[in-house]
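Colleague: Handing you this structure, nothing more for now.
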Amino acid sequence: MSDPKSSNAMWGGRFAAGPDAIMEAINASIDFDQRLAAQDIQGSLAHAAMLAAQDIITDADEKAIREGLLTVLSEIEAGDFPFSRALEDIHMNVEARLRDLIGAPAGRLHTARSRNDQVAVDFRLWVRDQCDQAEAALTALIKVLVDQAEAGADAVMPGFTHLQTAQPVTWGHHMMAYVEMLARDRSRFVDARARMNESPLGAAALAGTGFPIDRDATAKALGFDRPMANSLDAVADRDFALEFLSASSICATHLSRLAEEIVIWSSAQFRFVTLSDRFSTGSSIMPQKKNPDAAELIRAKVARITGALVALLTVMKGLPLTYSKDMQEDKEQVFDAADTLMLALAAMTGMIADMEPRRDNLRAAAASGFSTATDLADWLVREAGLPFRDAHHVTGALVKMAEDKGCDLPDLTLADMQSVHGDITESVFDVLTVEASVASRQSYGGTAPDQVRAQIARWREALA
């Protein structure tokens with residue numbers, strides 16, 4: 001490896017001395033951007049192949065560069081690469097080692113290229129890979145939610161507004177709500193990937209290059225759809241990272257909402273679900289405790305991901321075109337957010353797969369809190385011909401009566417009901433069970449078990 005003290009030579013003859021320790025500490029990014037090593041070498045291999053194809057470097061130099069880069073990659077993958085902070089970043093670390101291995105041809109690799117377009121392509125490739133991983137992880141989570149929905153398509157539970165019992169729904173319907181949310185998250189990563197799939201390589205420092213390069217060739221070699229059309233934009237843009245963080249933040253928010261429900265459902269007060277021991281912990285002092293720590297940690301981790309989005313937005317908000325050193329602060333936020341999101345998705349997938357709904361408790365809760373009051377009001381509209389607002393008023397009076405009697409609506413007698421409105425008949429009791437309530441919700445997207453099973457079938461086909 002080259003002597004770190006000679007690293008100022010990498011900057012050229014403009015600088016007479018190397019940076020002091022403080023400048024080196026604030027300037028170096030190798031501690032975190034070494035994660036871009038594979039992408040950096042991938043970009044360099046494509047660039048070198050293009051330079052040779054365009055007769056900008058010789059085939060012999062390209063062969064030496066290619067073999068040297070592959071050696072560097074193998075050293076990094078084996079953990080044998082001595083990263084140097086004095087060499088600032090992954091680009092200089094790789095190039096210095098390449099020079100040690102092959103000598104003069106290493107210096108020709110940087111022809112028609114700058115670290116500005118080099119880091120832009122490295123980072124874009126890395127984020128593109130993360131979009132693919134997020135899509136795969138979301139697909140796995142969606143599958144276990146569909147499994148839960150299918151197993152409980154007709155299991156009745158309370159639906160809530162304001163965390164108060166509103167109307168009966170089915171467990172399957174509730175699970176499928178998160179399928180829809182997470183599917184939108186998945187589509188956001190797919191959309192972001194499509195938008196970011198343009199190559200900045202060849203923009204050089206900011207203005208392009210006078211060498212006869214072939215940007216289409218490098219774009220194709222790296223799996224991009226096309227080169228970016230403006231060299232200034234190519235080196236200045238970090239929209240792709242912001243979009244990834246935005247999609248991650250929305251996804252993490254959905255995970256946090258589901259995690260919050262799991263925390264509530266698993267509590268002694270609700271007892272709606274049983275979590276497996278694999279995703280729970282105990283207490284150091286209270287032997288009876290079984291804590292939903294995985295869910296709580298997922299709920300908390302949204303702060304890190306949303307924080308990363310805000311941090312990068314703040315970094316980028318005041319930057320003139322094109323590159324500024326501020327942009328070195330783009331990567332740590334994205335790296336941490338990506339790691340955090342993937343961990344949260346994996347934990348949630350395992351937790352949902354193992355989670356067991358407690359049907360009896362769910363049904364009992366669904367039947368409490370006058371949850372079929374809307375069914376009573378609807379019956380008054382259909383059978384007694386009342387305008388809905390009048391039916392709402394009659395139902396409210398009956399709810400007050402039941403509350404005063406300490407019972408639920410189905411426990412009132414027909415005489416009780418007729419004392420409020422004389423047109424009520426015995427058939428009203430047919431709509432006051434929670435099973436009848438959910439079965440009646442046959443509108444598209446409703447909670448009726450038939451509707452839920454239709455949505456499950458649609459998703460099974462889509463996932464296949």
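The values are calculated or read from the model by the stated rules, or taken from the named source; none is laboratory data. Just so it is clear, the structure is predicted and the values come from calculations on it, not from any experiment. Ideal geometry is used to build each Cβ from the backbone, glycine not excepted, and the neighbour counts take in all protein chains shown. All accessible areas refer to the heavy atoms of the entire protein, side chains included, with ligands and DNA or RNA removed. Shrake-Rupley method; radii C 1.70, N 1.55, O 1.52, S 1.80 Å.
Colleague: Summarise the accessible area of the stretch 150-245 (1.4 Å probe, protein heavy atoms) by the percent that is carbon and sulfur.
Modeller: Heavy-atom surface of the stretch 150-245 belonging to carbon and sulfur, 1.4 Å probe: 50 percent.
Colleague: On the protein heavy atoms, probe 1.4 angstrom, tell me the percent of accessible surface of the stretch 21-108 carried by carbon and sulfur.
Modeller: 53
Colleague: Could I ask something else about it? What accessible area, in Å² to the nearest ten, does a 1.4 Å probe give for Arg359?
Modeller: Approximately 110 Å² of Arg359 is accessible to the 1.4 Å probe.
Colleague: Ordering Ser256, Ser248 by accessible area with a probe of 1.4 Å, largest first, what comes out? Could the numbers behind the result be given before it?
Modeller: Numbers: Ser256 20, Ser248 0 Å².
Result of the area sort, largest leading: Ser256, Ser248.
Colleague: Keeping all protein chains in place and using 1.4 angstrom, which order do Ile456, Ile26 fall into by accessible surface area, from largest down?
Modeller: Numbers: Ile456 5, Ile26 130 Å².
The ranking, largest first, comes out as Ile26, Ile456.
Colleague: Under a crude label model (7 Å from the Cα following the beta-carbon direction), how far is Ser419 from Gln54 in nanometres?
Modeller: Label at Ser419, label at Gln54, 9.1 nm between them.
Colleague: Something else: Using θ = phi - 60° and the Karplus curve 6.51 cos²θ - 1.76 cosθ + 1.60, what whole-Hz ³J(HN,Hα) does each residue of the stretch 262-267 get, with Gly and Pro shown as x?
Modeller: Result, rounded to whole Hz: 5, 4, 5, 4, 7, 6.
Colleague: Grab the other residues whose beta carbon is less than 14 angstrom from that of Leu73, score K and R as +1, D and E as -1, and report the net.
Modeller: Result for the neighbourhood of Leu73: -4.
Colleague: Follow-up. Going by average Cβ density within 10 Å per residue, which order do the peptides 198-204, 309-315 take, highest to lowest?
Modeller: 198-204, 309-315
Colleague: In addition: So how strong a dipole does the chain carry about its Cα centre when Lys and Arg Cβ are +1 and Asp and Glu Cβ are -1, to the nearest 20 debye?
Modeller: It comes to approximately 360 debye.
Colleague: Right, here's the next one. If you stretched the chain out fully between Ala140 and Ser368, how much longer would it get, using 0.36 nm times the residue separation minus the C-alpha to C-alpha distance?
Modeller: My answer for the length gained is 78.6 nm.
Colleague: If I ignore ligands, DNA and RNA and count only protein heavy atoms, how much of Thr139 is accessible to a 1.4 Å probe, in Å² to the nearest 10?
Modeller: Spelled out: Thr139, probe radius 1.4 Å, area about 30 Å².
Colleague: What FRET efficiency do you get for Leu319 and Asp216 if R0 is 30 Å and r is their Cβ-Cβ distance, rounded to the nearest 0.05?
Modeller: 0.55
Colleague: Quick check on the stretch 115-364: what are the equivalent-ellipsoid semi-axes from the Cα gyration tensor, as sqrt(5λ), descending, whole Å?
Modeller: Semi-axes (√(5λ), whole Å): 44, 18, 14.
Colleague: If you don't mind, another one. On the Cα set of the stretch 406-464, report Rg and Dmax in Å, please.
Modeller: 17.4, 56
Colleague: Here's another thing I want to ask about it. Accessible area per residue of the chain at 1.4 Å probe, in Å²?
Modeller: Details: 21140 Å² over 464 residues.
I get 46 Å² per residue for the chain.
Colleague: Moving on. Just report the Cα centroid separation between the stretch 253-268 and the stretch 117-163, whole Å.
Modeller: Going from one Cα centre to the other spans 16 Å.
Colleague: Relative contact order, percent, of the chain when contacts are C-alpha pairs under 8 Å separated by at least 6 residues?
Modeller: Relative contact order of the chain: 16 percent.
Colleague: Taking H placed 1.01 Å from N in the peptide plane, check which residues at least 5 places from Ala166 or on another chain put their amide H under 5 Å from its amide H.
Modeller: Sorted by chain and number, the residues that satisfy this are Gly159, Phe160, Thr161.
Colleague: Calculate one ³J(HN,Hα) per residue across the stretch 452-458 by plugging θ = phi - 60° into the Karplus curve 6.51 cos²θ - 1.76 cosθ + 1.60, and present them in order as whole Hz with x for glycine and proline.
Modeller: 4, 5, 5, 5, 4, 5, 4
Colleague: Got a sec? What order do Leu319, Leu258 fall in by accessible area at 1.4 Å, biggest, i.e. largest, first?
Modeller: Reading off the accessible areas and sorting them downward yields Leu319, Leu258.
Colleague: Sequence-distant or interchain residues sharing an amide H contact under 5 Å with Lys290, placed H: which?
Modeller: For Lys290, no residues qualify.
Colleague: Could you please state how large a percent of the accessible area of the stretch 417-464 is carbon and sulfur, counting protein chains only and using a 1.4 Å probe?
Modeller: Answer for the stretch 417-464: carbon and sulfur cover 53 percent of the accessible area.
Colleague: How high is the relative contact order of the stretch 134-269, given as a whole-number percent (alpha carbon pairs under 8 Å, six or more residues apart)?
Modeller: 21 percent.
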